[in-house]
Amino acid sequence: MKPIKFSKEETKAIVGEIQDYFRDELDQDIGAIPAEMLMMFFADTMGAYFYNRGVYDAQAALKERMDSLHDDLYALEQKTRHLR
């Protein structure tokens, strides 16, 4: 897996979310640099867990769609003397 990279805009938004969390939930202020370091720590150490969860969810959604498509195609089948 390639390292998780965020654009400048995404980084700024994530840093803001971290700062809001610290302020709202922990009654502490955290600067932009420590917040970005925390973001990178989580991205580097736990990012793969979140990424994999997204892959698993996508696989499940795709399987569900494929099963539905299979059923739709089976319904289009014409009756013949040949049995499947």
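What pairs come up if the first residue lies in region 1-27 and is within 15 Å of ASP44 (Cα to Cα), the second is assigned to a loop (DSSP other than H, G, I, E, B) and of a type in the set (D, E, K, R), and their beta carbons are under 6 Å apart, counting only those six or more places apart or on different chains?
Listed by first residue and then by second, the contacts come to nothing, as the list is empty.
Please work out if MET37 is among the aliphatic types (A, V, I, L, M) and modelled with pLDDT of 95 or more.
yes
Check whether at least one residue in region 18-34 is of a type in the set (Asp, Glu), surrounded by fewer than 11 Cβ atoms within 10 Å (Cβ to Cβ), assigned to a loop (DSSP other than H, G, I, E, B) and touching a Lys or Arg at 6+ places or on another chain (Cβ under 8 Å), and report yes or no.
Yes, region 18-34 contains a residue that is of a type in the set (Asp, Glu), surrounded by fewer than 11 Cβ atoms within 10 Å (Cβ to Cβ), assigned to a loop (DSSP other than H, G, I, E, B) and touching a Lys or Arg at 6+ places or on another chain (Cβ under 8 Å).
Check whether at least one residue in region 6-22 is within 16 Å of the chain's Cα centre (by Cα) and aliphatic (A, V, I, L, M), and report yes or no.
Yes, region 6-22 contains a residue that is within 16 Å of the chain's Cα centre (by Cα) and aliphatic (A, V, I, L, M).
When you scan region 1-17, how many residues do you find that are part of a loop (DSSP other than H, G, I, E, B) and surrounded by 12 or more Cβ atoms within 10 Å (Cβ to Cβ)?
Total meeting the criteria: 2.
The values are calculated or read from the model by the stated rules, or taken from the named source; none is laboratory data. No experiment lies behind these values; they were computed from the predicted model shown. In this analysis, Cβ positions are derived from the backbone assuming ideal geometry, glycine residues included, and neighbour counts consider all displayed protein chains.
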